[in-house]
Amino acid sequence: MTPPPPSRVLLIKPSSLGDVATAVPVLRALRRQFPAAHLSWMLSSGCAPLLAGDGDLDEIVLFERRKLGAWWRSAAAGGQLVRFLDGLRRGRYDWVIDLQGLLRSGLFALATGAPLRAGFADAREGASAFYTHRCRPRQRHTIDRNIAVARMLGVEAARADLTLAVSDEGRRFAEEFRREAGAAGGYYVCVPPTRWASKLYPPRRWRQVVAALARRLPVAVVGTASDAALCRQVADASPAARDLAGRTSIPQLVGLIAASAAVVCSDSAAQFIAAAVGRPAVVLVGPTRVERTGPCAGGRAVVAPLPCRGCLRRRCRHITCMEAIDPGEVVAAVERLPAT
């Protein structure tokens, strides 16, 4: 039975950046179906800039994981947690959709007191015990699983709803980069860093990729400030490559990708941002699985040719799978991308 239309909805998907991007279709569909509803999203402070100012979102509920996680050893943090939970209750949500699927997020859903609390039946750490509506998606890809939860509630989300707006800040940053790099004919964005050590493509192979791509178009090498050494090593492969490590905010990154010819990255947030702004991506896949987090919207995967690929291990003593990906194959995949 389709539940009654909600007046107030909370989405719970605080992190990471790529996971937040893959949940955007649920937000778009909720706004389309319930134009007058108050839509809130629980986000970590690190991910909040991705959706700050989004026209479909009424409120961001900031989740400070590190501060709140210290509740058991700090009276101040304990007080913050009490206030946070009280704020969830006072949100008076009709629907809560938990797309994180952890014990913590399930407890947050319960704390709202919402009459409808939806999530995955196979949520980890027993989180599904806190839901009133449980979804068992047949689909494997994370985008499609999120969409399945929405559709269980009668909300017609679709992959085409994976969209992100480009801010004025992002557009200005991309235009400045284009001028500085002499990239009137376009440029590539390469993102060497990853959150998992096992997903890291060896720097020397990244250098080969960047050197080859830079013979066609300038290359922006992107990462956070903590990735400076890696990005500098990769960007030094060609005078036509620019090291932007630590120089892009999230809105600027979105703008940079939106104005690019293509993105090259490991299985990371950059591929989903690219899809959300209509740019193709070549994704290097080793320990993860294409059917779960592979590229969409015209992207291409270059998959490690080894039987151990897809192990889902965050750490590996040899990382042979990423080592086995041929730089020439990566460059060829970029060359085969459809013209946009």
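FYI, it's all coordinate maths here, none of it is from the lab. Small disclaimer: the values here were computed from a predicted structure and weren't measured. Neighbour counts run over all protein chains shown; Cβ positions are idealised from the backbone, glycine included.
Structural remarks
- Diffusion coefficient (Stokes-Einstein, Kirkwood radius over C-alpha pairs, 10 °C, 1.306 mPa s) for the range 178-290: 116 µm²/s, rounded to a whole number.
- Residues in the range 17-43 that a label on Asp58 would reach, taking backbone N under 16 Å of a point 7 Å out along Cα→Cβ: 27-42
- Computed magnitude of the charge dipole of the range 181-340 (debye, nearest 20; Cβ of K, R +1, Cβ of D, E -1): 340 debye
- For Cys135, nonlocal amide neighbours, meaning residues 5 or more places apart or on other chains whose placed amide H falls under 5 Å from its own, are Gly119, Phe120, Ala121.
- Using 0.36 nm per residue and subtracting the Cα-Cα separation, the extra length available between Ala121 and Arg172 on full extension is 14.0 nm.
- Near-label residues of the range 92-124 by backbone N, under 13 Å of a point 7 Å along Cα→Cβ of Arg134: 118-124
- Each Cα pair under 8 Å and six or more residues apart adds its sequence gap; the mean of these over the residue count of the chain is a relative contact order of 14 percent.
- 3J(HN,Hα) couplings calculated from phi for the range 149-154 with the Karplus curve 6.51 cos²θ - 1.76 cosθ + 1.60 (θ = phi - 60°) are, in sequence order, 4, 4, 5, 4, 8, x Hz; Gly and Pro show x.
- Dimensionless Rg ratio for the range 1-56, taking C-alpha atoms and the 2.2 N^0.38 Å reference: 1.15
- Site pair Arg83 and Thr2 shows an inter-label distance of 4.2 nm when each label is modelled 7 Å from Cα along Cα→Cβ.
- Amide H within-cut-off set for Arg300, under 5 Å, with H built and near neighbours excluded: Ala281, Val282, Val283
- Estimated from helical segments only, the mean residue ellipticity of the chain at 222 nm is -11000 deg cm²/dmol, where each DSSP H run of four or more residues counts as -39500 (n - 2.57).
- This ranking places Ile60, Ile147 by how few other beta-carbon atoms lie within 10 Å of each, fewest first, which gives Ile60, Ile147.
- Potential extension, Ser16-Glu156 segment - 0.36 nm per residue separation minus Cα distance: 48.0 nm
- Extreme residue, positive dipole direction of the range 8-161, given options Leu39, Ala123, Ala160 (C-beta unit charges): Ala123
- With the simple model of a label 7 Å out from the Cα in the direction of the Cβ, Ala197 to Arg289 spans 2.4 nm.
- Applying a DSSP loop filter and a limit of 10 other Cβ atoms within 10 Å to the trypsin sites (Lys or Arg not before Pro) in the range 235-340 leaves Arg315, Arg317, Arg336.
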